[in-house]
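Working notes for the structure below.
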Amino acid sequence: MAFFERPLIPASRGPPDEMLFNINRFHAFVLVTWQFSIFFASQQIFPIFSNYVPKWRCGESEPFGKNCSAYLACEGKHEFEDIAFHSAALEFDWVCGPRAYLASLFSQIQFAGVLCGTFLYGTLSDCFGRRPIALLALASGIAISFVSGMAPNWLILLITRFFIGLSIGGTIVVVCTFVMEMLLPEQRMALRAFFNWGVARLMVTVICYYFPEWREASIACAIAALPAFLIVLFVFPESPTWLHNKHKMEEMRRSEKKIARIAGIPYVEVDHPKLEKKKGFLSLIKDGRLAKRLFVLWIMWFTASLCGYATDLNSSSISGNLFLNQILFSILIALSKVVLVVFDTLNANFSRRNLHQYAQAVVCTCFFILTMLVMFQYQGVAILVVNLIGTVFIEYTWDACYLCAVEAMPTNMRASSMGSCSLVARIGAIMAPVLPFLNSIWGPSAYLTVVILGLINLVVSYFFLVETKGINLDAVKIHEEDVEEEEEQMDMLKKENGNA
């Protein structure tokens, strides 16, 4: 996987006032494809809407609330307060009682599909190429999303969500790798700042607002994801990086020439670095220091995934207007990415440890406050405000996870370590839907779990997370002897140059 290697693409580096981030026409297609692919992957949080249940009451004389005992004891017709979205949970009665867990299962089955898809499509793309497998993942996912909107019963719906998850896993792994292999290093920050999860979440929210019924919204989301498939089908050639790794040099040159033609720049043949043999997962865990670093990363990724998805899925239960709340979450997440890029660029002393630990500390504080508010049955606007702040800082812990995972491992082990971190994150995601379900048993369950996991994560990060900001990705050293050996080689090279 050449996710972190320099893209093997001819680039025209014009003056800064001519091209922002050196983005040409081809790069623009790549960035748009990324955003629509992330939009399709945001089906992972579609349960915010598909599992939405407003407050209810049994009779006109009763106040609206979420008391399951009253719901189950009601012999008449339930009355729901201001149904903003006609969800699958309402249609199939996943509100209280034995069927209530099906709402969590809806999400869990999808996350299980993502886990399986990560392995399946990742392996296929390494064997058969990025482009054909990206097309397969997107085409199958879009088609099944369309079909899921016509599911005749809840069992068929759950089956379709598993296969949607399978395609999401493929999209995350294959299209993500495909995109990164075709961008310049300086464009990756632009990608994180302007083409991100917050924008994708906003797109889903807007679609659900205009199509406020889960079947219509499922079909609309499927159609809205088509641009990613069409661009890969009609614009993208095969990844030059993948072709280079497979020693298909002639095909690689043809691919590079097509990219240059689409970009509107002259093709210039470039020298490609010698391929470095990758090391597998067993090599990682056999090395004590590497294993220690990896274990720290696993805790970080598991915590970010479980807490992030749990709070996302729980956000539909926050009082207030469903769509306004989700728009606020989306916009703040999107803006937070820009703020982080600017702040990190202007503050050279702001380390990766600072980013993770400060963000995690704020998360713990926010969700402890929420735990107290819910325990005392407060239902005012403060719950929304504190949730918004906490969610933004969970996103910052995600950024720290990605940066530290990239920078903490040597090049020849980076793919294996990232793959294992992704696996741990998927396990956390599968467990996440349980927390909103536990809220029906004890209100602050989800918030308190986020606090406890966050504190454990913070302690591990403080004592064991290594600092990696500014490190050369091609020169990550784990052992002191590696550093000494490199210094000796540099000294010998200097002496040879001096004698010459």
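Among the residues of the stretch 316-333 satisfying the criterion of being part of a helix (DSSP H, G or I) and at pLDDT below 90, which is surrounded by the most Cβ atoms within 10 Å (Cβ to Cβ)?
Applying the filter and picking the extreme gives Ser316.
Among the residues of the stretch 334-364, write down those that are surrounded by 15 or more Cβ atoms within 10 Å (Cβ to Cβ) and among the polar types (S, T, N, Q).
Ser336, Ser351, Asn354, Gln357, Gln360 - these are the residues of the stretch 334-364 that are surrounded by 15 or more Cβ atoms within 10 Å (Cβ to Cβ) and among the polar types (S, T, N, Q).
Among the residues of the stretch 79-129, write down those that are surrounded by 16 or more Cβ atoms within 10 Å (Cβ to Cβ), among the polar types (S, T, N, Q) and either touching a Lys or Arg at 6+ places or on another chain (Cβ under 8 Å) or free of Cβ contacts under 8 Å to residues at least 40 places away in the same chain (or both).
Gln110, Thr118
Just to verify a result, which residue in the stretch 167-181, among those that are closer than 8 Å to Gly141 by Cβ and either among the small types (Gly, Ala, Ser) or over 13 Å from the mean Cα position of the chain (by Cα) (or both), is modelled with the highest pLDDT?
If we take residues in the stretch 167-181 being closer than 8 Å to Gly141 by Cβ and either among the small types (Gly, Ala, Ser) or over 13 Å from the mean Cα position of the chain (by Cα) (or both), then Ser167 is modelled with the highest pLDDT.
Answer yes or no: is there a residue in the stretch 350-366 that is touching a Pro at 6+ places or on another chain (Cβ under 9 Å) and at pLDDT 90 or above.
No, the conditions are met nowhere in the stretch 350-366.
Taking only the stretch 153-179 into account, find how many residues are touching a helix residue (DSSP H, G or I) at 6+ places or on another chain (Cβ under 7 Å) and more than 21 Å from Trp214 (Cβ to Cβ).
10
How many of the residues in the stretch 81-94 are modelled with pLDDT of 90 or more and in contact with a strand residue (DSSP E or B) (Cβ under 8 Å, 6 or more places away or on another chain)?
3
Could you list, in sequence order, all residues of the stretch 209-242 that are touching an Asp or Glu at 6+ places or on another chain (Cβ under 9 Å), farther than 29 Å from Thr123 by Cα and buried (at least 20 other Cβ atoms within 10 Å of the Cβ)?
Selection gives Trp214 alone.
It is to be established whether one or more residues within the stretch 350-357 are out of contact with any helix residue (DSSP H, G or I) (no Cβ under 7 Å at 6 or more places or on another chain) and among the small types (Gly, Ala, Ser).
Yes; the residues of the stretch 350-357 include at least one that is out of contact with any helix residue (DSSP H, G or I) (no Cβ under 7 Å at 6 or more places or on another chain) and among the small types (Gly, Ala, Ser).
Please go through the stretch 219-253 and give me each residue that is among the aliphatic types (A, V, I, L, M) and under 19 Å from Phe26 (Cα atoms), ordered by number.
Leu226, Ala228, Leu230, Ile231, Val232, Leu233, Val235, Leu243, Met252
Go through Ser69, Ser61 for me and flag whichever is in a loop (DSSP other than H, G, I, E, B), among the polar types (S, T, N, Q) and more than 30 Å from Ser167 (Cα to Cα).
Ser61
Any idea which of (1) under 21 Å from Val341 (Cβ atoms); (2) at pLDDT below 85 is the one Ile441 doesn't satisfy?
All conditions are met except number (1).
Looking only at residues in the stretch 23-38 that are within 18 Å of the chain's Cα centre (by Cα) and among the polar types (S, T, N, Q), which one is surrounded by the fewest Cβ atoms within 10 Å (Cβ to Cβ)?
Gln35
Pairs please, first residue from the stretch 203-220 and more than 14 Å from Phe39 (Cβ to Cβ), second anywhere and in a helix (DSSP H, G or I), Cβ atoms under 7 Å, 6+ apart in sequence or on different chains.
So the pair list comes out as Tyr209/Phe323; Phe211/Ala217; Phe211/Ala220; Trp214/Phe49; Trp214/Ser50; Trp214/Ala88; Ile219/Phe146.
Among the listed residues Phe106, Phe85, Phe111, which satisfies the condition of being within 19 Å of Val204 (Cβ to Cβ) and either acidic (Asp, Glu) or in contact with a Ser or Thr (Cβ under 8 Å, 6 or more places away or on another chain) (or both)?
Phe106 is the lone residue from the list that is within 19 Å of Val204 (Cβ to Cβ) and either acidic (Asp, Glu) or in contact with a Ser or Thr (Cβ under 8 Å, 6 or more places away or on another chain) (or both).
Do we have any residue at all in the stretch 1-17 that's modelled with pLDDT under 95 and within 30 Å of Ser317 (Cβ to Cβ)?
Within the stretch 1-17, not a single residue is modelled with pLDDT under 95 and within 30 Å of Ser317 (Cβ to Cβ).
Taking the stated definitions as given, is Ser37 part of a helix (DSSP H, G or I) and at pLDDT 90 or above?
yes
Farther than 22 Å from Phe39 by Cβ and either surrounded by fewer than 17 Cβ atoms within 10 Å (Cβ to Cβ) or under 18 Å from the mean Cα position of the chain (by Cα) (or both), is that true of Phe367?
no
The values are calculated or read from the model by the stated rules, or taken from the named source; none is laboratory data. Keep in mind the model is a prediction, meaning the values are calculated, not measured. Quick reminder, even Gly has a Cβ in these numbers, built from the backbone with ideal geometry, and neighbours come from all protein chains shown.
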